[in-house]
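A short write-up of the structure that comes next.
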Amino acid sequence: MKTLRAIIMLAVLLAALPLHADKRKDTRTRVLIETTAGNITLALYDETPVHRDNFIKLVKEGFYDGLLFHRTIEGFMIQSGDPDSRNAPKGKQLGEGGPGYTLPAEILYPQFYHKRGALAAAREGDDINPERRSSGSQFYIVWGKTHTASQMAAENALMLENTDGLLEIPDDVCDTYEIDGGTPHLDGLFTVFGEVVEGLKTVRQIQRAQTDVYDRPVEDIKIIKATVIPPKTE
């Protein structure tokens with residue numbers, strides 16, 4: 001009996017080892033966004049270094065402190081990063097401000113896609129921005145919706161059509177959209193450069209906010225402070 005118990009305990013310990021190893025390997029830089037609706041912690045992707053480094057730079061400069069989530073759409077996403085939103089009067093239309101520069105696209109689909117909690121860069125439309133350069137500061141966090149298998153089949157057909165058959169939606173990505181939700185129609189069009197690792201409840205609350213005709217929350221939702229959390233080294 002003691003031998004069997006020892007074997008079971010050893011199996012439990014061995015099963016736990018990969019989990020600890022995965023945590024040690026996750027050295028992504030994190031950013032804590034403290035808002036009037038709660039906290040959100042983001043992990044930035046090393047594979048999109050231009051966007052990662054720019055976001056870290058702006059956070060360290062205090063650029064985001066005091067800015068509003070100036071655009072929220074229930075079942076879709078929440079958006080911030082417009083410097084014109086700081087102390088903006090109620091009812092003012094926002095969304096055109098930035099740091100005075102744009103960033104080259106780092107669109108890495110299907111490695112990174114618009115799953116629920118994805119962090120992506122806003123940008124001007126293709127008609128005036130064919131290179132799909134990102135805003136230097138404005139970002140959005142995806143909420144989205146869950147999709148049925150038939151809806152994902154339609155999204156896949158659209159992806160094939162838009163890419164002349166070069167890209168299709170992988171099965172694991174379809175599974176994520178069906179189970180967890182997201183906004184697949186944005187894939188391949190915007191740079192996804194991070195994800196929420198803590199605070200999805202806060203994102204859910206913000207995207208539910210009552211908004212005006214400009215999709216701006218009637219009651220301001222503000223970033224109190226953004227802070228860089230150094231990456232883990234072990």
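The values are calculated or read from the model by the stated rules, or taken from the named source; none is laboratory data. In this text, all values refer to a predicted model and were calculated from it rather than measured experimentally. No Cβ is skipped: glycine too gets one built from the backbone with ideal geometry, and neighbour counts run over all protein chains shown. Please note that ligands, DNA and RNA were not included when accessible areas were found on the heavy atoms of the full protein model with its side chains. Shrake-Rupley method; radii C 1.70, N 1.55, O 1.52, S 1.80 Å.
Restricting attention to region 176-195, the residues that are touching a Gly at 6+ places or on another chain (Cβ under 6 Å) and over 18 Å from LEU108 (Cβ atoms) add up to 1.
Among residues of region 150-163 that are under 19 Å from ASP126 (Cα atoms), those with a Cβ under 6 angstrom from a residue that is outside any helix (DSSP H, G or I) and open to solvent by less than 80 Å² (accessible area, probe 1.4 Å), sequence gap 6+ or separate chain, pair up as MET159/LEU167; MET159/ILE169. Kindly indicate whether any position in region 190-202 is surrounded by 13 or more Cβ atoms within 10 Å (Cβ to Cβ) and over 23 Å from ARG28 (Cα atoms). No, there is no match, as no residue in region 190-202 is surrounded by 13 or more Cβ atoms within 10 Å (Cβ to Cβ) and over 23 Å from ARG28 (Cα atoms).
Counting only strands (runs of 3 or more DSSP E) that sit wholly inside region 116-234, those with at least 2 residues that are in contact with a Ser or Thr (Cβ under 7 Å, 6 or more places away or on another chain) and among the small types (Gly, Ala, Ser) are 118-121. Can you find even one residue in region 148-156 that is within 21 Å of the chain's Cα centre (by Cα) and either modelled with pLDDT of 95 or more or open to solvent by 10 Å² or more (accessible area, probe 1.4 Å) (or both)? Scanning region 148-156, I find at least one residue that is within 21 Å of the chain's Cα centre (by Cα) and either modelled with pLDDT of 95 or more or open to solvent by 10 Å² or more (accessible area, probe 1.4 Å) (or both), so the answer is yes.
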